[in-house]
Amino acid sequence: MALLELHDVSTYYGSIQALKGISLTVDKGEIVTLIGSNGAGKSTTLRTISGLLRPRSGTVTLEGKDISGKPAHEITALGVAQSPEGRRIFGRLTVRENLEMGAYGRTETDLTADFDRVFELFPRLKERVDQKGGTLSGGEQQMLAIGRALMAKPRILLLDEPSMGLAPILVELIFKIIRDINTQGTTVLLVEQNALVALSVAHRGYVLQTGSIVLADSAKALASNEMVRKAYLGEG
Amino acid sequence: MIALIALGYTLVYGIIELINFAHGDLFMLGTFVSLTVVGAFGFSTLFGASTTTPAVLAIVVALVASVVFCGVLNVAIERIAYRRLRHAPRLAPLISAIGMSFILVNIGQVWKGPSSQGFPTLIPDFDILRDVFGMQTLVQLNFKEIFVVGIAVPLMIGLTLFIRRTKIGKAMRAVAQDREMAGLVGINVDQVISFTFLLGGMLAGAAGLIYGLFNENTVFNLGFSAGLKAFTAAVLGGIGNVTGAMLGGFVLGLIGALTVQYVGARWEQVLVFSVLVIILVFRPLGLLGEEV
Ligand SMILES: Nc1ncnc2c1ncn2[C@@H]1O[C@H](COP(=O)(O)OP(=O)(O)OP(=O)(O)O)[C@@H](O)[C@H]1O
Ligand SMILES: [Mg+2]
C-alpha cells in the first residue's frame, strides 16, 4: 500500500479550479518530485494534502486511511509535515522556539535527540539557536523550515520549492541534505520549479500542468523526456 | 488596573487582530460578579464589615468567581460572535464586537439597574508612612494603592513569563505571527485562540474585583470609559505588545493622577488623549511597537 495516495483530487479557490482531478502515489522510502511551471498547482497540491485546503472531490489517504478534509494540525499529528513555499519561519521566535513549535503536536517532552539530529544536518542552525528566526539569511531560513518540519518526526516530508531564491552552491547543499534525510528513512514529496536538481535526487516524478498531471515516470526517464527537456530544462 | 484591562485587549488583538470592544463591558460584569459574591458573604455598604467571615476570604472567593465567570464568558463570546467571522472582511467581526458590547451593557443594566452600585469597604484605607511608621511626610503611601499594585504587578510578570516560556504561550505567539503555519506545525489554532480569550477574560475578571475594592463603586456603563482608557493604553504601548500594554497602562495612570493633582480633574481626559495623539504622531506603532 502506498504511504500517501491522492485519488482524483480537485481543489478550488472559490470558483476557480486549481486542481483538476489529480492522482498520485508516494511509496514508503521514496523521494517523489512534483514539477511544473508557475501556477501549475504544485503548492495547491501540498496545501490540500496538509489540510490547509479542502478538496472539493477526490480523496487523500495516508496508509489507506482517508485524511481528506481533516484540519491541518490533525494531519500533522498523523505524520505529514510540510516546509511551505516561502519558508514561513516564525520571525519573532528564536531558532530554538521555531524548532520546538515543529514538535508541537508530539507528546514526548524530551526532544534532545530530535534537536541533535537537526543540528547534525544543519550545523549552522546550532550556532544560531538563540537568534530570532527573522534575522536569519534566506538559506538559513530554508534550513530552519526543513528542520522545523523534521521536528514533527514525520512519516512523509512535504517540501515546497526548497531551492527558491538560493545561490547554486546552497541549492546543492540543501539537496544533498534532502537525500540524507531520505536515506535516514523519511519519505519525501518534493515540489520544484527547478526540474533539473529535483530529478537528480528523486526516484520518481510527476509533471503538473495547469492543474492536471500530464506525465508520470521514473526520474531518469523524465530527465531524458523530450517534452520535459523542452519545457522545464531550458532546452529546445 | 487599566493596564490589566489593556492586557486583555492587547492579547486578543495580538493574536487575531480584532479590537474586542466587548472587553471593557466584560470587566464591568466582573465588578458586578465580585459585588454579588461579596454581598453574599454578608458584606454590604450599609452594615460595613461582617462579623462572621473575614474580608480576606470574601475577596478570594470573589476573585475566583469573577475570574472564572469572565474567562468563560469571553470564550463563549469568541465562539458565538467571532469565530465564524474569522475569514470575513475585517469590519464584520468589529461590528459583531460592538454588538456584543451592547449586549453585555444591557445585561449589566438589567442585573443591577441603572444606578451606581456601592462596594463595601473591604480593604482598609490608611497611609502607611504616616499611620504605621508615624512619619510626617508630604508623600502618601496608601495601603489601598499598595494592595492594587501588589496584585497587578505579579500578575503581569506572571503573564509575561507565561507567554515567553510555556508551550502554549509560545503557541500563542506562533499563532499571532502566522496562523496558517501554526496549523501546519500541529498547533490547534482554534484551541489557542479560545485559550487567549480565556486568559484575556480572566484578566478582566481580576481587574473587575480590584476596581471594585479600590473605587468602592461600579455602574453598568463603566465598561465604556474603562474600555476606552484601556484601549488607549494598549495603543499607547503598541497594540499587540504585552509589555507595551502594561507600560501604556502605567503611563496613562500616571498622567491621569498627575493631572488631577496639579491641573484639575476636569483636564484629565484632555491631557491623557493629548499625550496619546502626540505619541502616535511620533511613534505610530506605539511606544514599543507591535510584538507578541
Ligand atoms: N489564494 C488563491 N486564490 C485564488 N487563486 C489562487 C490562490 N492561490 C493560488 N491560486 C491559483 O491557483 C493556481 C495554482 O497555484 P499554485 O500556487 O498551486 O501554483 P504553483 O504550481 O505552486 O506555482 P509556483 O511555482 O509559482 O509556486 C494558480 O493559477 C493560482 O493563480
Ligand atoms: Mg508554489
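The values are calculated or read from the model by the stated rules, or taken from the named source; none is laboratory data. The model shown is predicted, which means the values in this text are computed figures rather than measured ones. Cβ sites come from the backbone with ideal geometry, for glycine too, and all protein chains shown count toward neighbours.
Identify, from the list A:Asp110, A:Asp116, the residue that is without any contact (Cβ under 8 Å) to a residue 60 or more places away in the chain and in a helix (DSSP H, G or I). Outline the logic, then answer.
Numbers: A:Asp110 fails: in a helix (DSSP H, G or I).
Exactly one of A:Asp110, A:Asp116 is without any contact (Cβ under 8 Å) to a residue 60 or more places away in the chain and in a helix (DSSP H, G or I), namely A:Asp116.
Name every residue in segment A:143-186 that is crowded, with 16+ Cβ neighbours inside 10 Å, within 16 Å of ligand 1 (Cβ to nearest atom) and farther than 16 Å from A:Thr33 by Cα, in order of residue number.
Across segment A:143-186, the qualifying residues are A:Ala145, A:Leu166.
Which condition number does A:Leu19 fail, the rest of (1) of a type in the set (A, V, I, L, M, F, W, C); (2) touching a strand residue (DSSP E or B) at 6+ places or on another chain (Cβ under 9 Å); (3) free of Cβ contacts under 8 Å to residues at least 12 places away in the same chain being met?
Among (1) of a type in the set (A, V, I, L, M, F, W, C); (2) touching a strand residue (DSSP E or B) at 6+ places or on another chain (Cβ under 9 Å); (3) free of Cβ contacts under 8 Å to residues at least 12 places away in the same chain, the lone unmet condition for A:Leu19 is (3).
Let me confirm something: among B:Phe47, B:Phe21, B:Phe32, which residue is modelled with pLDDT of 90 or more and either of a type outside the set (Asp, Glu) or in contact with a Cys (Cβ under 8 Å, 6 or more places away or on another chain) (or both)? Write out each step before concluding.
On the way: B:Phe47 fails: modelled with pLDDT of 90 or more; B:Phe21 fails: modelled with pLDDT of 90 or more.
One residue alone meets the criteria, B:Phe32.
Run down A:Glu85, A:Glu74 and say which single residue is under 19 Å from the mean Cα position of the chain (by Cα), of a type in the set (Asp, Glu) and not in a loop (DSSP other than H, G, I, E, B). It would help to see each step written out before you state the result.
Working: A:Glu85 fails: not in a loop (DSSP other than H, G, I, E, B).
It is A:Glu74.
Filter segment A:93-135 down to residues that are polar (S, T, N, Q) and more than 14 Å from chain B (Cβ to nearest Cβ) and give me whichever is surrounded by the most Cβ atoms within 10 Å (Cβ to Cβ). So that I can check it myself, show each step before the final result.
Residues of segment A:93-135 that are polar (S, T, N, Q), as a first pass: A:94, A:98, A:107, A:109, A:112, A:131, A:135.
Subsequent filtering for residues that are more than 14 Å from chain B (Cβ to nearest Cβ) retains A:112, A:131.
Values: A:Thr112: 7, A:Gln131: 15.
Here the answer is A:Gln131.
Given the condition within 16 Å of ligand 1 (Cβ to nearest atom), under 20 Å from A:Ala18 (Cβ atoms) and either more than 12 Å from chain B (Cβ to nearest Cβ) or among the polar types (S, T, N, Q) (or both), answer yes or no: does some residue in segment A:71-91 qualify? Talk me through it step by step, then tell me what you get.
Within segment A:71-91, the subset within 16 Å of ligand 1 (Cβ to nearest atom) is A:72, A:82-88.
When the remaining residues are screened for being under 20 Å from A:Ala18 (Cβ atoms), the result is A:72, A:82, A:84-86, A:88.
Add one more test, that the residue is either more than 12 Å from chain B (Cβ to nearest Cβ) or among the polar types (S, T, N, Q) (or both), and what stays is A:82.
Yes, there is a match, as at least one residue in segment A:71-91 is within 16 Å of ligand 1 (Cβ to nearest atom), under 20 Å from A:Ala18 (Cβ atoms) and either more than 12 Å from chain B (Cβ to nearest Cβ) or among the polar types (S, T, N, Q) (or both).
Quick grid of which residues meet (1) outside any helix (DSSP H, G or I); (2) among the hydroxyl-bearing types (Ser, Thr, Tyr); (3) within 11 Å of ligand 1 (Cβ to nearest atom):
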residue: A:Glu5; (1), (2), (3): yes, no, no
residue: A:Leu34; (1), (2), (3): yes, no, yes
residue: A:Ser37; (1), (2), (3): yes, yes, yes
residue: A:Thr44; (1), (2), (3): no, yes, yes
residue: A:Thr48; (1), (2), (3): no, yes, yes
residue: A:Thr59; (1), (2), (3): yes, yes, no
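Of all residues being closer than 14 Å to B:Leu4 by Cβ and aromatic (Phe, Trp, Tyr) in segment B:197-221, which is surrounded by the most Cβ atoms within 10 Å (Cβ to Cβ)? Just the residue, please.
Per the stated criteria, the residue is B:Tyr211.
How about segment A:12-43: which of its residues are away from chain B (no Cβ under 14 Å) and within 13 Å of ligand 2 (Cβ to nearest atom)?
Step one: filter segment A:12-43 for residues away from chain B (no Cβ under 14 Å), giving A:12, A:15-42.
A:Ala18, A:Leu19, A:Leu34, A:Ile35, A:Gly36, A:Ser37, A:Asn38, A:Gly39, A:Ala40, A:Gly41, A:Lys42 - these are the residues of segment A:12-43 that are away from chain B (no Cβ under 14 Å) and within 13 Å of ligand 2 (Cβ to nearest atom).
I want to confirm something. Restricting to segment A:153-209 and keeping residues that are within 14 Å of chain B (Cβ to nearest Cβ) and under 23 Å from A:Thr44 (Cβ atoms), which single residue is nearest to ligand 2 (Cβ to nearest atom)? Give the derivation first.
Narrowing segment A:153-209 to residues within 14 Å of chain B (Cβ to nearest Cβ): A:153-160.
Next, from what is left, pick out any that are under 23 Å from A:Thr44 (Cβ atoms): A:154-160.
Values: A:Pro154: 20, A:Arg155: 23, A:Ile156: 18, A:Leu157: 17, A:Leu158: 12, A:Leu159: 11, A:Asp160: 6 Å.
By that ranking, first place goes to A:Asp160.
Looking at the structure I just gave you, is A:Val228 within 16 Å of ligand 2 (Cβ to nearest atom), crowded, with 19+ Cβ neighbours inside 10 Å and farther than 15 Å from A:Pro84 by Cβ? Give the steps one after another, and end with the answer.
Working: within 16 Å of ligand 2 (Cβ to nearest atom): no; crowded, with 19+ Cβ neighbours inside 10 Å: yes; farther than 15 Å from A:Pro84 by Cβ: yes.
Taking the combined requirement at face value, the residue does not satisfy it.
Report yes if A:Gln142 is outside any helix (DSSP H, G or I) and either within 14 Å of chain B (Cβ to nearest Cβ) or within 16 Å of ligand 2 (Cβ to nearest atom) (or both), otherwise no.
Numbers: outside any helix (DSSP H, G or I): no; either within 14 Å of chain B (Cβ to nearest Cβ) or within 16 Å of ligand 2 (Cβ to nearest atom) (or both): yes.
It is false that A:Gln142 is outside any helix (DSSP H, G or I) and either within 14 Å of chain B (Cβ to nearest Cβ) or within 16 Å of ligand 2 (Cβ to nearest atom) (or both).
Listed here are the residues, each with its yes/no results for (1) modelled with pLDDT of 85 or more; (2) more than 28 Å from B:Ile123 (Cα to Cα); (3) not in a helix (DSSP H, G or I).
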position: B:Leu159; (1), (2), (3): yes, no, no
position: B:Asp190; (1), (2), (3): yes, yes, no
position: B:Ile193; (1), (2), (3): yes, yes, no
position: B:Phe197; (1), (2), (3): yes, yes, no
position: B:Gly200; (1), (2), (3): yes, no, no
position: B:Phe220; (1), (2), (3): yes, no, yes
position: B:Ala230; (1), (2), (3): no, no, no
position: B:Gly248; (1), (2), (3): no, no, no
position: B:Gly256; (1), (2), (3): no, no, no
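In segment B:174-199, which residues are more than 17 Å from A:Gly105 (Cβ to Cβ) and within 9 Å of chain A (Cβ to nearest Cβ)?
Correct list: B:Ala176, B:Gln177.
Which numbered condition in (1) over 22 Å from B:Ala204 (Cβ atoms); (2) of a type in the set (D, E, K, R); (3) surrounded by 16 or more Cβ atoms within 10 Å (Cβ to Cβ) is the only one that B:Lys229 fails?
The single condition B:Lys229 does not satisfy is (1).
Which of the residues spanning segment A:178-219 are over 14 Å from the mean Cα position of the chain (by Cα), among the β-branched types (Val, Ile, Thr) and assigned to a helix (DSSP H, G or I)?
Matches in segment A:178-219: A:Thr183, A:Val197.
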